[in-house]
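Below: one structure, written as structure tokens.
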């Protein structure tokens, strides 16, 4: 826990180093959207503002491995 008056960014950097954390590149977060409605007809009538894509079933081959 950072002490009063200390820089939280420096504390976080030191804490991450202490536990051996490292940066890992990835393709980005997945976004899931669910249509809310009382029944299927209401759900089907809702337009979504994102493109529909298949569920990501395999890990990204470009990820860094330990």
Report task. Go through region 8-42 and give me each residue that's over 25 Å from the mean Cα position of the chain (by Cα) and surrounded by 10 or more Cβ atoms within 10 Å (Cβ to Cβ). Result -> 37, 42
Query raised in the report: Checking residue 3 against (1) loosely packed, with under 10 Cβ neighbours inside 10 Å; (2) assigned to a helix (DSSP H, G or I); (3) more than 23 Å from the chain's Cα centre (by Cα), which single condition isn't satisfied?
Result: (2)
Query raised in the report: Given (1) touching a helix residue (DSSP H, G or I) at 6+ places or on another chain (Cβ under 7 Å); (2) at pLDDT 90 or above, where does residue 39 come up short, assuming only one miss?
Result: (1)
Query raised in the report: Within the set of pairs 6 or more residues apart or between chains, which connect a residue that is more than 23 Å from residue 57 (Cα to Cα) inside region 15-33 to a residue that is modelled with pLDDT under 90 and surrounded by 10 or more Cβ atoms within 10 Å (Cβ to Cβ) with Cβ atoms less than 7 Å apart?
Result: none
Query raised in the report: So which residues in region 45-66 are at pLDDT 75 or above and surrounded by 10 or more Cβ atoms within 10 Å (Cβ to Cβ)?
Result: 46
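The values are calculated or read from the model by the stated rules, or taken from the named source; none is laboratory data. As the structure is a prediction and not an experimental result, all values here were calculated from the model. Positions of Cβ are generated from backbone atoms using ideal geometry, with glycine treated the same way; all protein chains shown enter the neighbour counts.
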